[in-house]
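Single-structure report; data block below.
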Amino acid sequence: ALALLCSSAATVGIWKWWGKRQIQKKMEDARRTRDEGVKKVAKAVQQFREQGPSVQTDAILSLPLLELTGRLREGSLSPRTVLYTYLEKALEVTQQTNCLRHFIPECEQQLQEIQQQQEKGLLYGIPVSIKDHIGHKGHLSTCGLVQCLDTLAQEDSVLVKVLKSQGAIPFAMTNVPQSLFNYDCSNPIFGQTLHPLNHQKSPGGSSGGEGALIAGGGSILGIGSDIGGRIRLPSSFCGLCGLKPTAERLREMDQCLGMHLLCIDACSCFTPVPCALGPMARDVDSLALCMKALLCQEMFRLDPTVPPIPFDEEAYSSSAPLRVGYYDTDGYFPLPPCMQLAVQETRGALQRAGHQLVPFSPPRIHYVMTELFLKTFFADGGRAWLDVFTGNIVDPNLKSQVNCCKIPRLGKKLLALILKPLQSLLLLELKNVATHSTCRSVKEMWNHHHQIEAYRTEFIAQWRELQLDVVLCPVLGPAFTTGYPGKLLTAISSTMLYNVLNFPAGVVPVSTVTEADEEELKLYRGCCDDPWDQTLKQAVAGAAVAGAVGLPVAVQCVALPWREELCLRLMKEVETLSPEK
């Protein structure tokens, strides 16, 4: 019997070792495939450079999107020249930041096909990068997960099809954090993506690969996704413009989004806080052009769940004064002083430009974060989310959240009792995760959905009572040192609010961190001057060589659902008035 027991134990041990070895092999194969693709692109770029040594790459890379589209349409620049110019720059940027998951070799085929199109689309000849999980035929949508390394997309996602119909050339897929559930950007398969301006900083996430590539100059237009700020946070960290539309405005029906929801939605297949796809670029006009290109008849034909509402150019181009609500703190998680100052200075600039500024206070943010947010993402205690980590391969930046979800229910109840007398924000959040973040029945889940709808109604009523057109508010930033986003999950209250509400929201850079901002940060006490607040100071300041001076500072602009054009209008006003412009 003892021999049989030992034999069984040995068999189990060998089986586990074999399973881990197979997982490691999958990860190594994925990295090898990526590296081989990089080498092929480098060779193709070298051949192009030898054929056209006189190409002025810096001049092409410096062109804004609107000017570049004009040059391509009139024929003074060829799509081939532009594509290879950006391929070359993307190679350089990913060598420095590890922002690419894979080049798309079919971009050469798309280059040939757009030259056969009878009409030149709005994005004719424009190289476009896309986030890892957005489906492209013949390529993986990994979400940084081992379990996703086996299945290639059988067809292009609707969004990619529409981009191609408008003449765009998808040329690269960008890196993401594991399971997309982090606003850092690292996973065990493809590694950590770094900030292009400071390699000790994070580019943000989960669209962090997009943020690093565009900010580094390796892409002029990218498509990300946003739930909790996953477009807006990388845009804030990297100094880009990014738009999270109303989720249904660019709804994605495809398998890639199904995987995205598998990773981030533990409540049900019908999530009350939906994911939104949206553009990221260097300026607001680029976002507007992308939205105009995507909101076309081809999109409405391919995806009948997208309301057939074309882009409202008149609303975007209007010069009528706006009635702008504003706040510089949501009263939940105090942001670094430079981010609050950015809102105050932008408010003044808008007021001097003739707009009407009205104080606005978003209601019950503590309730939104502790009840609506946590119950959406951890409705089953995080069990569905834990299931995606094949072989228990977990990125270091996610281990604290994973370990918290692994605590048995009894352990969570005991933790709640211990933490009950304590009032710091950090410990309150631990208590809330331990006690309130599960839906114990279907009835409770549907009640949770109702609570979100009731809150949206309350928020809109307050908005309309003040007769607001748009809202100006802060966004998390400046860029954190790598590793810190995983320690500060609820610091994203400024962006998460507008996912819960499903309002269009965008980020636009307005300044950079100064020495004076760094000195002000030293006096920052946050909510309670507790360990959480101290962690935020460390995340922003970091080591002396990783300080925040020179990093981008941004603000957030918001509009009511389906009013993306009005949101972009405010973003354009802010951009025009920015001293950095």
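The values are calculated or read from the model by the stated rules, or taken from the named source; none is laboratory data. Everything numeric here is computed off the predicted structure, so don't read it as measured data. When we count neighbours, we look across all protein chains shown, and the Cβ atoms used for this are built from the backbone with ideal geometry, even at glycine. The protein model used for the area step is the full one, side chains on, heavy atoms only, and it has no ligands, DNA or RNA in it. Shrake-Rupley method; radii C 1.70, N 1.55, O 1.52, S 1.80 Å.
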Pop out the ³J(HN,Hα) list for the stretch 287-297 in order, Karplus 6.51 cos²θ - 1.76 cosθ + 1.60 with θ = phi - 60°, rounded to Hz; leave Gly and Pro as x. 4, 5, 5, 4, 4, 4, 5, 6, 7, 10, 4
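Just to verify a number: FRET efficiency for A353 and L61, C-beta to C-beta distance, R0 = 22 Å, to 0.05?
After rounding to 0.05, the efficiency reads 0.10.
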Give me the dipole magnitude in Debye, nearest 20, for the chain about the Cα centre, with unit charges on the beta carbon: positive for Lys and Arg, negative for Asp and Glu. 1620
Distance in nm between E108 and R21 label points, each 7 Å along Cα→Cβ, equals 3.8
Along the charge dipole of the stretch 19-176, pointing to its positive end and built from +1/-1 on Cβ of Lys, Arg, Asp and Glu, which listed residue (L61, A44, Q95) has its Cα farthest out? Q95
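When DSSP assigns beta bridges and you keep just the ones with both residues in the chain, what percent turn out antiparallel, to the nearest 5? Mind dumping the intermediate values first?
Values: 29 of 43 bridges.
DSSP beta bridges in the chain are roughly 65 percent antiparallel.
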In square angstrom, rounded to the nearest 10, how much accessible surface does R21 have for a 1.4 Å probe? 90
R323 to S400: FRET efficiency via 1/(1 + (r/R0)^6), r the Cβ-Cβ distance, R0 41 Å, to the nearest 0.05? 0.45
Tell me the per residue accessible area of the stretch 323-416 using a 1.4 Å probe; a whole number in Å² is fine. 42
Could you tell me how far the Cα centroid of the stretch 318-334 sits from the Cα centroid of the stretch 486-510, in Å? 14
With the contact rule set at Cα under 8 Å and sequence spacing of 6 or more, what percent relative contact order holds for the chain? 16
Once phi is turned into θ = phi - 60°, what whole-Hz ³J(HN,Hα) does the Karplus curve with 6.51, -1.76 and 1.60 give for every residue of the stretch 520-537, x standing for Gly and Pro? 5, 4, 4, 8, 4, 10, x, 7, 9, 6, 8, x, 5, 5, 5, 5, 4, 4
Which of rounded, prolate or oblate describes the stretch 483-541 when judged by the alpha-carbon gyration tensor and an a/c cut-off of 1.5? oblate
What distance in nm separates the simple spin-label points at D150 and L2, each placed 7 Å from Cα in the Cβ direction? 4.1
Using modelled backbone amide H atoms (1.01 Å from N, in-plane), which distant-in-sequence or interchain residues come within less than 5 Å of Y326's amide H? V358, F360, L472
Heavy-atom accessible area order for M445, M27, largest first, 1.4 Å probe: M445, M27
Over the stretch 104-208, give the accessible area per residue in Å² for a 1.4 Å probe, as an integer. 28
In sequence order, what are the phi-derived ³J(HN,Hα) couplings for the stretch 334-348 according to the Karplus relation 6.51 cos²θ - 1.76 cosθ + 1.60 with θ = phi - 60°, rounded to whole Hz, with x for glycine and proline? x, 7, x, x, 5, 6, 5, 4, 4, 5, 4, 5, 5, 4, x
Suppose R0 equals 22 Å; then what is the FRET efficiency for D29 and I407 from their Cβ-Cβ distance, rounded to the nearest 0.05? 0.05
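Work out, step by step, the length gained on full extension between Q340 and V12: first 0.36 nm times the residue separation, then minus their alpha carbon distance; give nm to one decimal. Kindly include the intermediate steps, with their values, before the conclusion.
On the way: separation 328, 0.36 × 328 = 118.08 nm, distance 5.61 nm.
Roughly 112.5 nm would be gained on extension.
Which percent of the accessible area of the chain is formed by carbon and sulfur heavy atoms (probe 1.4 angstrom)? Let's see the in-between values first.
Working: 12700 of 22980 Å².
In the chain, the share of accessible area belonging to carbon and sulfur is 55 percent.
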With 0.36 nm assigned to each residue of separation and the Cα-Cα distance removed, K522 to Q462 gains 18.0 nm
Prolate/oblate/rounded label for the stretch 447-565 (Cα gyration tensor, a/c 1.5): prolate
Skipping prolines and chain starts, which residues have an amide H placed within reach, meaning under 5 Å, of the one on D283, given they are 5 or more residues away or on another chain? C241
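Can you tell me how the stretch 48-170 classifies by the Cα gyration tensor, rounded, prolate or oblate, using a/c under 1.5 as the rounded cut? Mind dumping the intermediate values first?
Details: a/c = 2.20, a/b = 1.39, b/c = 1.58.
Because a/c hits 1.5 or more and a/b fails to exceed b/c, the stretch 48-170 counts as oblate.
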